[in-house]
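To keep things clear, I will list the structure first and then write my remarks on it.
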Amino acid sequence: MELYIDRDAFLSGLGRVQGIVERRNTPNPILSHVLLEASEGRLRLTATDTELAFIGDFPANVITPGEIAVDAQSLFQIAKVLPDQTAHLKLGAQMRLEVTSGSAWYKVVGLPAADFPSLPDFDGRSSVQLPAERLRWLIEQTGFVVCQDDNRWGINGGHLEVVEDEAGVSQLRMVATDGHRLSYAQASYEGEFGMPERMLVPRKALAEIKKLCSRDDEEIDISFGESAALVTTSSARFYFRLIDGEFPDYRQVIPTSWQRRAFVHKDQLVSALKRVAVLAQDRGRPVRFAFADGSVTISSSHTDLGEAREEVPIELEGDALDIGFNIRYYQEVLQAARSEKVIIELGDALSPALMREPDDDDALLIVMPMRLD
C-alpha cells in the first residue's frame, strides 16, 4: 500500500473515528484500531466498537492499493503534527506503516486487515431524508439531556417519532430526558419513517451523527432496520445498534397551561447565571429565581463561601413567584436556544418550567424545579 493524501482530509477522517474506537486497554486490541483501505482514488477509513461503525472515503492519490489496521489514537496524534500539507503513507515490512510529511517520518506498528472485525449485515426496511443542518439542530436541541446512566432503561437514548404540526404536515420529532429536564425538537423530512417503537438512538451515536452533519447543504439519509440504523452521507456511512427500551409518555409532563410568562434576553440571563454560579456550589447547585414585575432576581448562597445575587430585566405576565432550579441544568438548557429572547412559562413553585423561543413551535425545553427550604 502506498498513497498520498491531503493532511487536513486525513486528519478530519481520523478525528471522526476517535469517538468510536475503544481505548487501548480493551480486551480486543483490534477495536482500538482504524482500518485503512487504499484503492483507486480514495482512502477508506473504518472503525467499530461492535455497536457503532464508521466508514468514510477520502480522496487520495493511490500508487499501490492495500490495507492495514493501525492504532487510531496514535495515528491521529501523528496527523495533527505533520508539517506539510501532504502526507505520504506506505506499508513497509512486518506490518509497519510509514508516514512521511516534509522532514517528519514515522513508522507505526500495524495489524493485518484480516484481523479487523467484519461489519454486520444491515436489514434496512425504510429510510428518511433531511438536510444536515436540520438534523444537527435536532441533536443540539435534545442530545444534551439524554440520561448519562445506561442503567436508566427507557431514557438512556433519544426517542424518534413522527407527529403532525398545526398545518397537518408530518414532522420528525426527537425527544430526550434525563429525569430532570426534557426536550423535544422537530423538523420536516422526506421518505418513510420505520424505526421500531421500542427502540432508542444511543447517546454515543447521537454525538457521532452530529459530526456527520458538518455541511449544511448535504442531504442525510437515515435507514432503519429491526434493531439497527444506518446514516449515509455523500462520503461516509455510520452504522449503529438501537437500544431496546420503551421511552416514557413524555406528554404527561409537558405543561398545557401557564400561570406566569416571562420574556427575557437570553444573553443577559446566561451572563447573570454564570456570575451567580460562582457561589452555587452546594449539593444540587440550587439557585433561587424570584420573578417579579420588571425583573427576575437570581441568587445563590453557600454556608462557607457566602452569597451572590443579580437582577435581570424581564417582561412578566402574571403574579410574582419564587422558584428554585439546579443552575447547571438551566445553563445548559439556555445554551440550546438560538434566538435573542426566550419565553419562560411557569405554573407554581413545584411545577415544571417550560422554555421556548418566540414564534417557534418546533422545539421546547422543560426543567423540573427544586424545593427552596
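Tabulated data for the structure shown
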read-out	value
Tally, over region 26-51, of residues that are farther than 18 Å from Asp115 by Cβ and surrounded by fewer than 20 Cβ atoms within 10 Å (Cβ to Cβ)	5
Strands (runs of 3 or more DSSP E) within region 56-164 that include 3 or more residues more than 19 Å from the chain's Cα centre (by Cα) and among the aliphatic types (A, V, I, L, M)	66-71, 86-91, 104-111
Number of the condition not met by Met355 [criteria: (1) assigned by TED's automatic domain parsing to the domain that holds Ile314; (2) farther than 15 Å from Ser183 by Cα; (3) without any contact (Cβ under 8 Å) to a residue 60 or more places away in the chain]	(2)
Matching residues in region 33-55 - criterion: being part of a strand (DSSP E or B) and within 14 Å of Leu230 (Cα to Cα)	Thr48, Leu52, Ala53, Phe54, Ile55
Residues that are over 27 Å from Arg261 (Cα atoms) and either touching a residue at least 24 places away in the same chain (Cβ under 8 Å) or not in a loop (DSSP other than H, G, I, E, B) (or both), drawn from region 290-306	His302, Leu305, Gly306
Strands (runs of 3 or more DSSP E) lying entirely in region 183-289 (those with 1 or more residues that are without any contact (Cβ under 8 Å) to a residue 24 or more places away in the chain)	228-232
Residue identified as hydrophobic (A, V, I, L, M, F, W, C) and over 16 Å from Leu3 (Cα atoms) among Val70, Val81	Val81
Qualifying residue in region 142-161 (condition: more than 30 Å from Asn326 (Cα to Cα) and surrounded by 13 or more Cβ atoms within 10 Å (Cβ to Cβ))	no
Index of the failed condition, Ala292 passing every other in (1) at negative phi; (2) in contact with a strand residue (DSSP E or B) (Cβ under 6 Å, 6 or more places away or on another chain)	(2)
Test: residue in region 85-99 that is free of Cβ contacts under 8 Å to residues at least 60 places away in the same chain, farther than 21 Å from Ser235 by Cα, in contact with a Pro (Cβ under 8 Å, 6 or more places away or on another chain) and not assigned by TED's automatic domain parsing to the domain that holds Glu208	yes
Flag if Leu14 is touching a residue at least 40 places away in the same chain (Cβ under 8 Å) and in a strand (DSSP E or B)	no
Total residues in region 239-292, condition surrounded by fewer than 19 Cβ atoms within 10 Å (Cβ to Cβ), among the aliphatic types (A, V, I, L, M) and touching a helix residue (DSSP H, G or I) at 6+ places or on another chain (Cβ under 6 Å)	2
Odd one out for Ile327, checked against (1) in contact with a Lys or Arg (Cβ under 9 Å, 6 or more places away or on another chain); (2) more than 14 Å from Leu269 (Cβ to Cβ)	(2)
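One line per residue, one yes/no per condition, for (1) of a type in the set (Ser, Thr, Tyr); (2) without any contact (Cβ under 8 Å) to a residue 60 or more places away in the chain; (3) out of contact with any Lys or Arg (no Cβ under 7 Å at 6 or more places or on another chain):
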position	(1), (2), (3)
Phe122	no, no, yes
Val128	no, no, yes
Pro131	no, no, yes
Arg134	no, yes, yes
Ile139	no, no, no
Gln148	no, yes, yes
Asn151	no, yes, yes
Val163	no, yes, no
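Matching residues to (1) outside the structural domain of Glu67 (by TED's automatic domain parsing); (2) within 26 Å of Gln331 (Cα to Cα):
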{"site": "Ser103", "(1), (2)": "no, no"}
{"site": "Ile139", "(1), (2)": "yes, yes"}
{"site": "Asp165", "(1), (2)": "yes, no"}
{"site": "Ser170", "(1), (2)": "yes, no"}
{"site": "Gly179", "(1), (2)": "yes, yes"}
{"site": "Ser183", "(1), (2)": "yes, yes"}
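The values are calculated or read from the model by the stated rules, or taken from the named source; none is laboratory data. All of these numbers come straight from a predicted model, not from anything done at the bench. Virtual Cβ from ideal backbone geometry, glycine too; neighbours counted across all protein chains shown.
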